[in-house]
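Enquirer: Supplied in structure tokens, the structure appears directly below.
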Amino acid sequence: MFGLTKYFSLYDVWSPLFLVSSVLVIILYLGVTGPFRDRFANSEPVSVKQKVMFSTGVLLLYLAQGGPINMMSHMMFTFHMLMMAISYIIVPPLILLSVPGWLWRYLLDRKPLRRLRKFTHPILSAVLFNVLFSFYHVPVVHDYVMTHYTEHIIYYIVLFIASTLMWWWVVAPVPEWNTLADVKKMGYIFLNGLLITPACALIIFASDPLFATYVDKDAWVEAMGYCISGDPAAMLAAFDGPEFFNWFNPLEDQQLGGILMKLIQETMYGCILGYVFVHWFRREGKDDDDFVELMPEGQMNS
């Protein structure tokens with residue numbers, strides 16, 4: 001993929017341990033929602049659509065965080081933003097919608113998570129995710145996280161949890177925990193779109209490259225050292241910096257990355273907005289039908 005295997009090993013490009021872990025997670029999900037479903041209280045069959053959504057979400061997360069997209073994200077800012085969009089805009093709603101309500105109840109009724117639920121709030125969740133996302137793209141923060149492996153892993157995990165909390169209020173996989181009315185959900189989606197805009201605008205309209213890991217050879221080699229085996233210095237001698245792999249100049253790459261992130265975000269939010277609107281419209285129509293059925297016949301004819 002992307003011709004990376006010409007220069008790097010299959011292990012580096014495809015991260016087989018991550019791939020095996022992802023496949024095992026899918027198998028576990030299929031087992032829990034299939035043959036072993038009867039072990040859970042009030043369990044119901046899971047649709048094929050949900051199973052496909054879960055498998056797609058997990059495999060997309062693997063490609064973004066462990067597969068070729070992850071490696072390319074260290075070479076081109078465009079792929080970095082693609083990785084961010086897949087990991088935090090596309091995958092969380094797929095996972096949330098594909099895990100059935102009865103399984104969410106089982107998981108979130110554990111004591112530590114039950115206490116955590118008390119501290120969740122839609123506005124807090126929206127602000128938390130978008131602040132973390134924007135803060136990460138402050139150049140000095142981004143370059144630090146990209147070149148410090150432990151901080152990199154921790155930040156990405158926290159960002160994924162924050163994005164999941166943000167999406168929770170929109171897709172609401174457990175009906176009785178659905179505390180936002182559909183109209184408020186639509187407003188909530190618009191709010192998230194507004195909150196993420198400043199970070200994308202800063203990236204798109206910057207007049208110079210902002211991130212050292214995509215222009216400075218030493219910073220790039222240090223960042224690459226966490227996703228390849230072997231001596232990073234030898235890689236620098238072979239390729240002479242990230243521009244060897246970049247399809248554009250650094251500024252164009254940066255601007256394209258910001259545009260791509262904004263387009264994916266707007267498209268995904270638009271799809272979810274349509275999803276919420278359709279459910280709201282159907283519910284309103286059903287309520288009207290129920291009201292008509294309950295009215296006395298004389299009032300209906302008057």
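Enquirer: Can you give me the Cα centroid spacing of segment 239-255 and segment 125-164 in angstrom?
Expert: Value for the Cα centre distance between the two parts: 23 Å.
Enquirer: Among the chymotrypsin sites (Phe, Trp or Tyr not before Pro) within segment 20-104, which fall in a DSSP loop and have no more than 13 other Cβ atoms within 10 Å of their own Cβ? Please report the intermediate quantities before stating the final value.
Expert: Values: sites: Tyr29, Phe36, Phe40, Phe54, Tyr62, Phe77, Phe79, Tyr88, Trp102, Trp104; in loops: Phe36, Phe40.
Passing sites in segment 20-104 are Phe36.
Enquirer: Does segment 161-202 classify as rounded, prolate or oblate by the C-alpha gyration tensor (a ≥ b ≥ c root eigenvalues; a/c under 1.5 gives rounded; else a/b over b/c gives prolate, otherwise oblate)?
Expert: On the way: a/c = 4.81, a/b = 1.85, b/c = 2.60.
Oblate.
Enquirer: So, one more: What is the Cα centroid distance between segment 39-63 and segment 193-229, reported in whole angstrom?
Expert: Segment 39-63 and segment 193-229 have Cα centres separated by 34 Å.
Enquirer: Given DSSP loops and a limit of at most 15 other Cβ atoms within 10 Å, what is the longest stretch of the chain that contains no such trypsin sites (Lys or Arg not before Pro)? Let's see the in-between values first.
Expert: Working: sites that count: Arg110, Lys118.
Here the longest run is 119-302.
Enquirer: Can you give me the accessible area per residue for the chain, using a 1.4 Å probe, in Å²?
Expert: Value for the chain: 52 Å² per residue.
Enquirer: What is segment 111-207 by shape, rounded, prolate or oblate, if you read a ≥ b ≥ c off the alpha carbon gyration tensor as root eigenvalues and call it rounded for a/c under 1.5, prolate for a/b larger than b/c, and oblate otherwise? Present the calculation step by step, with values, prior to reporting the outcome.
Expert: Values: a/c = 3.48, a/b = 1.44, b/c = 2.43.
In terms of gyration-tensor shape, oblate.
Enquirer: Hey, another quick one. Ignoring ligands, DNA and RNA, what percent of the 1.4 Å accessible area of the chain is carbon and sulfur? It would help to have the intermediate numbers written out before the result.
Expert: Working: 10830 of 15840 Å².
Here it works out to 68 percent.
Enquirer: Let me ask you something else. Give me the net charge of Leu210's neighbourhood, meaning all other residues with Cβ under 12 Å from the Cβ of Leu210; Lys, Arg count +1, Asp, Glu -1.
Expert: Details: positive: none; negative: Asp143, Asp208, Asp216, Asp253.
For residues surrounding Leu210, the net value is -4.
Enquirer: In terms of the Cα gyration tensor, with a ≥ b ≥ c the square roots of its eigenvalues, is segment 64-180 rounded because a/c is under 1.5, prolate because a/b exceeds b/c, or oblate?
Expert: Working: a/c = 2.22, a/b = 1.84, b/c = 1.21.
It is prolate, given that a/c is not under 1.5 and a/b is the larger ratio.
The values are calculated or read from the model by the stated rules, or taken from the named source; none is laboratory data. Since we're looking at a predicted model, the values are computed, not measured. Ideal geometry is used to build each Cβ from the backbone, glycine not excepted, and the neighbour counts take in all protein chains shown. Please note that ligands, DNA and RNA were not included when accessible areas were found on the heavy atoms of the full protein model with its side chains. Shrake-Rupley method; radii C 1.70, N 1.55, O 1.52, S 1.80 Å.
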